[in-house]
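Quick notes on the structure that follows.
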Amino acid sequence: MGIVKPAEAEDTEKLVRSSSSIGTILNLLLQDRRTLAGVLSWVGIGVLVSFVVIAIFAYPLAPYDPQRIFLTPPNQPPSLQHLMGTDDLGRDLFSRMLYGARTSLEIMTIGVFLALAIGFPIGLVSGYLGGKLDRVLVLVMDSVYAFPGLLLAAMVALFLGKGVFNVGIAITVIYVPTYFRVTRNQTLSVREETYVDAARALGAGNWTVIWSYIAYNVLISIPVVFSLSAADAILTAAGLSFLGLGLERPTPDWGLDLSDAQKFLTSGVWWSSFFPGVMIIILTVGLSFLGEGLNDIVNPLLRKERA
Amino acid sequence: MPKQGSLLAYTVSRLILALPTLLVLLTVLFLVLRILPGDPISALEAGRRSTRDIAADKARLGLNLPWWVQYPVYLSQVFSGNFGTSLGQIYLGQPVLQVILQKLPATIELATGAMLVATLVGVGTGIIAGSRRDRPPDIVVRLYGSIIWVIPVFWLGLMLQLVFAVGLHWFPPNLRYEPDPVFFPPPSHLTGLYTLDSLLEGRIDKLAISLAHLALPSLTLGLVLSGFFTRTVRANLLRTINSDYVEAARARGIRERYIVYRYAFRNALIPVVTILGLQFAILFAGAVLTERTFSWDGMGTLLLTSIDSRDYPMIQGTVIVYAIIIVAISVVIDVINGFIDPRVRY
Amino acid sequence: MLSRTVILAIVVIVILAVGIGAAVVLLRPAPAASITLWYNSTGHYGDTEPAVAQLIKAQIEATGKVTVNLQSEDWASYRADFAKGNLPFFLLGWYPDYFDTDDYVSPFYSTAGAQSEGAFYTNATMDKWITNETASVDPTVRGAYFQQLQTQSAKDVPYIPLWTTNAHVVYDSDITGVFLHPVVFKYFIMNKPGFDHITVGTTDSPTSFDPALAYDYFSTNIINQVFDTLLVYEPTNGTLLPGLAAQVPTVGNGISADGKTYTFQLRPGLTFTDGSSLNATTVKRAIQRVISLNLQGSAEFLLEQVAALGKTPTIDTPNCPGPCTTIVFHLLQPVGLFNQIMAFSVAAPVPWWYNQTGAQQDVVNGNVKVTGDGPYSLTSLTSNQQYVLQKNTNYYNPGLYSAFGIPTIPILSKIIINRYSDSSSLKLAIQTHQINMAYRTLNPTDLTALQGSAASLNLKVDIGTSPQIRFLVFNVKTAPFNDVRVRQAIAYAVDRSSIVSNVFHGFAVTLYSMVPPGFFGPDYSSPVFQTAYGSSPDVAKATSLFSAASLAISLSMFQTDALERNWL
Amino acid sequence: MDPMLQVQDLSVHYKTRRGFVRALEELRLDAIQGETVGVVGETGSGKSTLGKAILGILPAGTQVDGKILFRGRDLTQLSNQMYRRLRGEEIALIFQDPMTRLNPLMTIMDHFVEEIRDHESVSADEARRRAREALVSMGIHESRIKNYPHEFSGGMRQRIMIALAIVLKPSLLIADEPTTSLDVIVESQILGILQDLKRAYSMSLLLITHNLGIVAEVCDRVAVLYAGKLVELGPVRDIFRKPLHPYTQGLLSSIIHLETKELHSIEGSPPNMIAPPSGCRFHPRCPYAQSICVERLPPLVEFEPGHFAACHFGDKFL
């Protein structure tokens, strides 16, 4: 710290640092715990991890089968027996919320990871090679990016049909341009940096250059985008379900449950709309915090490396 | 340098530049609407043996032809505004474009209202946060900014409906206008925008009714959108407040008031205009959900109705019109940007 | 470094989560045999339908033998699809067209009726019993036939009766003349002091306002405000009054002794609201039009078969040209309830210019082309949005109900009907007094809430018994439902009381026969499904029947898969 | 003659997340009317801070101690309003990077009119006239006054910045590396302009630079800063001939001497300004450092008349 090394030493340090970019971020996270960005990030991580745990252990955690219909009068308010009450069919809302986390995370995981898997390499190639291919790809991706995501997803979901996997695919379509843009822009700026030139001069092949330097550097900014697009993906999936294009009843799904319950809201049955909404909000806010926090942490990092 | 001439030239050049974007978007939609599902009509009918004769519908819509034949026909249909006639029960036989144009004003009105709310709230909170960095108002606003955009718009709509329409009776709960056309005759149909039509008619009472109905949907959509503005304005303001020209202006002894407005705010708000175009994409997506919550009879509702009645020509037409609007808005935004930012026209 | 461990732990957890998540998605067990249950998604029966469908799904799946997919579509498509035989297994409702027990039998168990219900059930014996039953006016004879019909229906199970709903309407407490009439909800006898119009909200949507096509509650109810029929009903019950006809035919006075000839005398000088004439030839032409068009899903069979007018009806207009007021129907066989059918919308005369080659379009080039002779005319129609009924100032019979304390009809000069996309919007609208009346359909939860707050909101909530029945329909021509054992298995599996309590909170009554108990005249209803399948579900019996029919089910599986596109 | 500007024991500490950055420590400096004082030092030595401190435009939260006397008034005690009026009117500052110092949304004319009318109650026409005059005096054609900043080259923008700085005829001009970002030809133009101006208006000039060549050419006296401390102050000739502080010696030898063509550089890197080295701040890099240098801070001593240095061994280099 504080000691400026000769130029070569600095570059070496960058190379070393870049090879463990995720670790770098986590280290910074541990360092910056007390700043707003750090607090936000840790809250986000906490939320995400708890929801992942809920999703995995939905079976042992849930008191009842989420599809079991209790033959007591439906729309029971929260009680000890039904922590979040029951819905309009007399199903235990708490169990449905837990299983709903699984549905949401499944959709989000499929959608966002596929988008990453597609958008990242295309962006990498496009940004690194440049030229006509790059211009065409940018035009296509920007066009898709400019189109209302939910509508595009709705179209895809409409023609693919309902179900977790299909909704995941529909969501993929929206976020491919996002990952493409991020990857390409990062690649473009990292490409200009001396250490890539230096590596090239050392006789590394084009692909080696891409993979060993650019890819890792780009990966630093991916967690930010990932958190934000995951939050957005969950919202989009909920929106699709709300519009009746997402999942088939009686799959436990927050969006679908909310859509089915909202009609009772004005008659005092608040819990069946409240809890699905709250679940969506907690998860998305968690992811949003994580994204915001990471952004504050990663951006200076990128700037520093760029400087 | 003559300003007017160059702005016109800039506008024209932007229009020309918009063409490839539109073409690409139309091609992407062509893929999604026709190629990916293989056979969209059968996909829509998804397993049911339909009321409608699938083969006949496909022949009628030209969907039985190979894609390289369909594609030019599709483009010529789009550019001539001929989207065919509805196959759904509700608008059966009516020209698709005609139906869409009936619904379009409602969506434009909602979008405008929402954008207004988003801009006012977003810019306001952004300025509060940006000019009080790391102080409590900034932290509150930053939390607002990262929470509000992930609140499901339909959920927010429900809550606002519950509080302001059912609870407090401040605003009507849904629809674009009072459902009783005898007591509350809607404004005559000139533009289809109820607020504008009321003004053109010179009827303040009608304007008030239209605005009251517009309030909750706009607020719902606008608030959700405002988060993005909040964050952008804040970030930009932090950048401009610490910028070199602000420091230089201060060194020249310019009044602090002017520095804040002429230097920091104006420069901070310009990038906001630039990103406005992309916000419309989010806006229209949110509008579909908002329209549903508030029984707002616009394009979103039309799209959902068409999906319900598996009205392929209407679905296709609606989605394409959305695409055209998006591209048109991006051109308008660019031109506005060129008008207010002297650097752009070069 | 400790932080490294923490980092590692987090990374491992995340990777595990992703992996397990993927495994859960990909390794889900494939379902066994599957059937598809269809329901309407756009509020024709209110928004309780998804709940009902899910409940039935759960009940059938309790057998462990089949999985039930749920599919939904909008009402207009649904209506058209089941009439074409495209829906193999679906939820439906029935609202009577005329006041006779026959209206719960012919439409379902006659070959022609079953076709328009999408069941495609045909049983020659049933057809014969129905013919005999309609021909007779003797309660004992008819009772015997109705018993046989119902008993057989429980064996063949083309339909499974489930429940009867309660009718409900919520309205401003100062509106008078609101009555939940079993057939026609009459706007033209309503009044709201100090107002010349009311606005009504509904979640229903019409299919068509052409009497030759319309055969759903909302459409026919509007037709009944806009078109008068030869005979009409009293304000509050099912007694017939003269409408376009000067009197109700009775035996000896209009009805021949053999019951095969019906003579009606039209009132003189009738016209449609557009000025075109309405005389005996108009009536004849309208009836012939319905039968010759024979539109899919229409009530044509009521005229052709139930009213025994046949494919080419013999209708005389003896004093045409001239006064042209006499119309004589020659039936193929005696029909005891011919008068009732003449009071149903399908028999409403339409102007001569109505499309003779297909259904009349409601709107042509932006002009409303629904022209009738009733107390109201439909002056404005915005598809799926707003329907405006305007007082017909030249209404021929304003004193129709003067004997019932209603000196002139219609009273209100305008009825504005707004469509809401769902029951919660409708409830909000009535709750905030945006509309004066909500008629069809609020969900039971909202209804309870509104009942509780009616007084403070200045609203009235009327809940009455409804002649509407709700049931499941099998398209008996489609596998696996062409196997009667599958239908019977489902009849064993369904649990009516759980639907009534869980979905309708008691605003409904379990139903064990397509003929609901206690509505019209002599009670011919017999709870045959209770007798045959018990009053609570019998999962064991259902399971064994499903097993017996398993071959059929696996066949149908194959078929469904071929129809459904399978992505990835 | 009384000094126009007297900086007495000025300390400036910036607040950052990691602690206080001690940008200036107990600085003393003065300038009389018409004098050109050069301020030299490495990047981060606090020389830019000095300019901003005099103008009172340091970021909010910065800790400032000491006195800045301008014509006898202590600027640090001025009200915001008074201070604002003083800026531009009596003391003007020219920045290093002209490219980013103008508001991109305002025309050049707007900048001038705004500045003139914020300080003097003159008509808009009068303000415009003076704006044109100032611009023309910098050799820019008046037709370009309606243009926006992005339409000018770097050299032209620096001339505009100078025009903006002198349009109110201040008596002290602080030029913070005015030519660093410009090419050599433009640099000499700008320096020429500054010289002319100084003569024409008999202004004092505080020239902040790292370029000793410029100092030699333009300045009357020079102050050398190291790590926020004044290490040497004196007439240009004395210092160039006889640098008393090892740091100044290092600086001077790092200029390429035309005769020897040798380039010396100072070993090591600038110190951490949050926790500066103890004693003499230069000791970690000083070839002559002794234990006393680590333990005790050397006082500023006048070794020759008017020639001050802060080195324990200053007399050894006399």
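The values are calculated or read from the model by the stated rules, or taken from the named source; none is laboratory data. Remember, it's a predicted structure, so these values are computed and weren't measured experimentally. Methodologically, a virtual Cβ is constructed for each residue, glycine included, from the backbone with ideal geometry; neighbour enumeration extends over all protein chains shown. With ligands, DNA and RNA removed, areas are computed over all heavy atoms of the protein, side chains included. Shrake-Rupley method; radii C 1.70, N 1.55, O 1.52, S 1.80 Å.
If the requirement is being farther than 30 Å from A:A153 by Cβ and away from chain D (no Cβ under 14 Å), which of these qualifies: B:L199, B:L221, B:L238? Give the derivation first.
Numbers: B:L221 fails: farther than 30 Å from A:A153 by Cβ; B:L238 fails: away from chain D (no Cβ under 14 Å).
Matching residue, one of B:L199, B:L221, B:L238: B:L199.
So which helices (runs of 4 or more DSSP H) stay within the stretch C:1-100 end to end and still have 1 or more residues that are open to solvent by 20 Å² or more (accessible area, probe 1.4 Å) and modelled with pLDDT under 85?
Filter on the stretch C:1-100 gives C:2-26, C:75-83.
Restricting the first residue to the stretch A:58-70 and requiring it to be at the interface with chain C (Cβ under 9 Å from one of its Cβ atoms), which pairs with a second residue that is part of a helix (DSSP H, G or I) and of a type outside the set (A, V, I, L, M, F, W, C) meet a Cβ separation below 7 Å and a spacing of at least six or different chains?
These pairs meet every condition: A:I69/C:N502.
Six or more apart or on different chains, Cβ under 6 Å: which pairs go from a residue in the stretch C:120-144 that's at pLDDT below 90 to one that's open to solvent by 60 Å² or more (accessible area, probe 1.4 Å)? Could you list them?
That search, which allows pairs on different chains as well, returns C:P139/C:P522.
Going by the structure shown, is B:D308 within 14 Å of chain C (Cβ to nearest Cβ) and open to solvent by 10 Å² or more (accessible area, probe 1.4 Å)?
The answer is yes for B:D308.
What are the residues in the stretch A:221-255 that are without any contact (Cβ under 8 Å) to a residue 24 or more places away in the chain, open to solvent by 10 Å² or more (accessible area, probe 1.4 Å) and closer than 17 Å to B:G286 by Cα, if any?
A:G244
Do any residues in the stretch C:494-520 that are closer than 20 Å to C:F99 by Cβ have Cβ atoms under 9 Å from those of residues that are of a type in the set (K, R), where the two are at least six apart or on different chains, and which pairs are they?
C:L511/C:R470; C:L511/C:R496
Can you tell me which residues in the stretch B:219-244 are at pLDDT below 90 and open to solvent by 10 Å² or more (accessible area, probe 1.4 Å)?
Scanning the stretch B:219-244 gives B:F228, B:R231, B:T232, B:R234, B:A235, B:N236, B:L238, B:R239, B:I241, B:N242, B:S243, B:D244.
Identify, from the list B:R250, B:R292, B:R257, the residue that is more than 28 Å from B:A212 (Cβ to Cβ), within 9 Å of another protein chain (Cβ to nearest Cβ) and at pLDDT below 90.
Selected residue: B:R250, the only one of B:R250, B:R292, B:R257 that is more than 28 Å from B:A212 (Cβ to Cβ), within 9 Å of another protein chain (Cβ to nearest Cβ) and at pLDDT below 90.
In this structure, does C:A489 turn out to be in a helix (DSSP H, G or I), modelled with pLDDT of 90 or more and more than 19 Å from the chain's Cα centre (by Cα)?
Yes, satisfied.
I'm trying to understand the selection: among the residues of the stretch B:110-141, which are surrounded by fewer than 19 Cβ atoms within 10 Å (Cβ to Cβ), part of a helix (DSSP H, G or I) and of a type in the set (G, A, S)?
Selection gives B:G124 alone.
Is the stretch A:248-258 home to any residue that is within 24 Å of A:N166 (Cβ to Cβ), of a type outside the set (D, E) and more than 13 Å from chain C (Cβ to nearest Cβ)?
yes
What are the pairs, 6+ residues apart or on separate chains, where a residue within the stretch A:144-170 that is part of a helix (DSSP H, G or I) has its Cβ under 9 Å from a residue that is among the charged types (D, E, K, R) and surrounded by 23 or more Cβ atoms within 10 Å (Cβ to Cβ)?
Sorted first by the residue in the stretch A:144-170, then by its partner, the pairs are A:G149/A:D232; A:V164/A:D253.
Confirm whether B:A264 is in a helix (DSSP H, G or I), open to solvent by less than 20 Å² (accessible area, probe 1.4 Å) and without any contact (Cβ under 8 Å) to a residue 12 or more places away in the chain.
In short, no.
So, D:A60, is that one touching a Leu at 6+ places or on another chain (Cβ under 6 Å) and on the phi < 0 side of the Ramachandran plot or not?
When the stated conditions are applied, D:A60 does not pass them.
Keeping to the stretch A:264-295, report how many residues are open to solvent by less than 20 Å² (accessible area, probe 1.4 Å), under 26 Å from C:T42 (Cβ atoms) and at the interface with another protein chain (Cβ under 7 Å from one of its Cβ atoms).
So the answer is 6.
Among the helices (runs of 4 or more DSSP H) lying completely within the stretch B:142-244, list those that include at least 1 residues that are closer than 18 Å to B:G130 by Cα. Spell out how you get there, then give the answer.
On the way: elements: B:153-160, B:194-201, B:204-241.
Here the list reads B:204-241.
Please go through (1) out of contact with any Phe, Trp or Tyr (no Cβ under 8 Å at 6 or more places or on another chain); (2) at pLDDT 90 or above for C:I416 and return the number of the only condition it doesn't satisfy.
Among (1) out of contact with any Phe, Trp or Tyr (no Cβ under 8 Å at 6 or more places or on another chain); (2) at pLDDT 90 or above, C:I416 violates only (1).
Does any residue in the stretch C:383-409 that is within 18 Å of C:F179 (Cα to Cα) come within less than 8 Å, Cβ to Cβ, of a residue that is surrounded by fewer than 18 Cβ atoms within 10 Å (Cβ to Cβ) and of a type in the set (V, I, T) six or more places away or on a different chain, and which pairs are these?
If the second residue must be surrounded by fewer than 18 Cβ atoms within 10 Å (Cβ to Cβ) and of a type in the set (V, I, T), the pairs left are C:S402/C:T408; C:F404/C:T236.
Quick check on the stretch B:153-167: of everything there that is within 7 Å of chain A (Cβ to nearest Cβ) and touching a residue at least 60 places away in the same chain (Cβ under 8 Å), which residue is farthest from A:I280 (Cα to Cα)?
B:L158
Residue by residue through the stretch C:527-543, note down the ones that are surrounded by fewer than 20 Cβ atoms within 10 Å (Cβ to Cβ) and of a type outside the set (D, E, K, R).
Listed by number, the residues that qualify are C:P527, C:Q530, C:T531, C:A532, C:G534, C:S535, C:S536, C:V539, C:A540, C:T543.
Of everything in the stretch D:29-74, what is in a helix (DSSP H, G or I) and either out of contact with any Lys or Arg (no Cβ under 8 Å at 6 or more places or on another chain) or more than 13 Å from every other protein chain (Cβ to nearest Cβ) (or both)? Give them in sequence order.
As a first pass, look at the stretch D:29-74 and keep what is in a helix (DSSP H, G or I): D:47-55.
Scanning the stretch D:29-74 gives D:K47, D:S48, D:T49, D:L50, D:G51, D:K52, D:A53, D:I54.
Just to be sure before I move on: is B:D297 within 11 Å of another protein chain (Cβ to nearest Cβ) and open to solvent by 10 Å² or more (accessible area, probe 1.4 Å) in the structure I sent?
yes
Just give me the residues in the stretch C:434-452 being closer than 22 Å to B:Y177 by Cα and at the interface with another protein chain (Cβ under 9 Å from one of its Cβ atoms), in sequence order.
Selection gives C:Q434, C:I435, C:N436.
Which residues, counting only those in the stretch C:368-377, are within 13 Å of C:F188 (Cα to Cα) and out of contact with any Asp or Glu (no Cβ under 6 Å at 6 or more places or on another chain)?
Those that are within 13 Å of C:F188 (Cα to Cα) and out of contact with any Asp or Glu (no Cβ under 6 Å at 6 or more places or on another chain): C:P375, C:Y376, C:S377.
Name the residue, out of D:I193, D:I208, D:I162, D:I214, that is under 21 Å from D:S45 (Cβ atoms), touching a residue at least 40 places away in the same chain (Cβ under 8 Å) and assigned to a helix (DSSP H, G or I).
That would be D:I214, the only listed residue that is under 21 Å from D:S45 (Cβ atoms), touching a residue at least 40 places away in the same chain (Cβ under 8 Å) and assigned to a helix (DSSP H, G or I).
Looking only at the stretch D:223-235, decide whether some residue is buried (at least 16 other Cβ atoms within 10 Å of the Cβ), within 18 Å of the chain's Cα centre (by Cα) and more than 19 Å from D:K47 (Cα to Cα).
No, because not a single residue in the stretch D:223-235 is buried (at least 16 other Cβ atoms within 10 Å of the Cβ), within 18 Å of the chain's Cα centre (by Cα) and more than 19 Å from D:K47 (Cα to Cα).
On the basis of being more than 9 Å from chain A (Cβ to nearest Cβ), more than 19 Å from B:L283 (Cα to Cα), among the β-branched types (V, I, T) and open to solvent by less than 30 Å² (accessible area, probe 1.4 Å), does B:T191 make the cut? Show your work before the answer.
Details: more than 9 Å from chain A (Cβ to nearest Cβ): yes; more than 19 Å from B:L283 (Cα to Cα): yes; among the β-branched types (V, I, T): yes; open to solvent by less than 30 Å² (accessible area, probe 1.4 Å): no.
Taking the combined requirement at face value, the residue does not satisfy it.
Check the stretch D:91-100 and report whether any residue there is in a helix (DSSP H, G or I), in contact (Cβ under 8 Å) with a residue 12 or more places away in the chain and open to solvent by 10 Å² or more (accessible area, probe 1.4 Å).
Yes; the residues of the stretch D:91-100 include at least one that is in a helix (DSSP H, G or I), in contact (Cβ under 8 Å) with a residue 12 or more places away in the chain and open to solvent by 10 Å² or more (accessible area, probe 1.4 Å).
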